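K.L.:
Provided herewith is a single structure, encoded as structure tokens, for subsequent inquiry.
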Ligand SMILES: [Cu+2]
């Protein structure tokens, strides 16, 4: 091999090494291609809220991911409603509006349910106007209160859905919110 050829090969190798080094360590080039930010590992399984014979929402506070369905299950023989409201004004929030949710005598009778899907993060209070009222507290603000004259749960039949991307909040849902039917809750 002539010295000229040897120098040529050496130059080629050096060039290749330099090019590779520049490509790998160039400050503008990330060493590892960034994958798109994976959405948080949030469940899209429905979260269930049950209404029982005591005229209560059993899981009165639940958190869900945006777009994760919330399904209200009426396990009471009596009728209920699920109406969203804005606590600062008392005005209805049309995003949650079940209409009359008929009572259910048992799992074989066909359980009446209402599904709501909320896509915007936020705090969504709701109440059952059959068994609770919105009581004025300050200026136009309201809070749910027990409807005088109705029996059952001594508190207000009301609850809150929190729509959040924080899995730590969703992890705090009560275990019964994972089950569609609570076998021992029919009646009332
Ligand atoms: Cu009710």
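The values are calculated or read from the model by the stated rules, or taken from the named source; none is laboratory data. Everything numeric here is computed off the predicted structure, so don't read it as measured data. Positions of Cβ are generated from backbone atoms using ideal geometry, with glycine treated the same way; all protein chains shown enter the neighbour counts.
K.L.:
Quick check on my filter: what residues within segment 84-101 are exposed (fewer than 15 other Cβ atoms within 10 Å of the Cβ) and farther than 21 Å from residue 137 by Cβ?
P.N.:
94, 97, 99, 100, listed by residue number.
K.L.:
Let me ask something additional. Select from segment 103-152 the residues that are within 12 Å of the ligand (Cβ to nearest atom), assigned to a loop (DSSP other than H, G, I, E, B) and surrounded by 14 or more Cβ atoms within 10 Å (Cβ to Cβ) and list them in ascending order.
P.N.:
103, 128, 129, 130, 131, 147, 150, 152
K.L.:
Kindly provide the set of residues from segment 153-188 that are assigned to a loop (DSSP other than H, G, I, E, B) and touching a helix residue (DSSP H, G or I) at 6+ places or on another chain (Cβ under 8 Å), ordered by number. Can you show your working first?
P.N.:
First, the residues of segment 153-188 that are assigned to a loop (DSSP other than H, G, I, E, B): 153-157, 164-166, 171-174, 179-186, 188.
The answer is 164, 181, 182, 183, 186.
K.L.:
Now, a different point. Among the residues of segment 43-58, what is the count of those that are more than 11 Å from the ligand (Cβ to nearest atom) and at pLDDT 95 or above?
P.N.:
Number of matching residues: 6.
K.L.:
Whether any residue in segment 66-79 is surrounded by fewer than 20 Cβ atoms within 10 Å (Cβ to Cβ), at positive phi and part of a loop (DSSP other than H, G, I, E, B) is what I want to check.
P.N.:
yes
K.L.:
For segment 59-89, how many residues are closer than 15 Å to residue 158 by Cα and within 12 Å of the ligand (Cβ to nearest atom)?
P.N.:
The number of residues fulfilling the criteria is 7.
K.L.:
Go through segment 153-187 and give me each residue that's surrounded by 18 or more Cβ atoms within 10 Å (Cβ to Cβ) and either without any contact (Cβ under 8 Å) to a residue 24 or more places away in the chain or within 13 Å of the ligand (Cβ to nearest atom) (or both).
P.N.:
Hits for segment 153-187 are 153, 156, 157, 158, 159.
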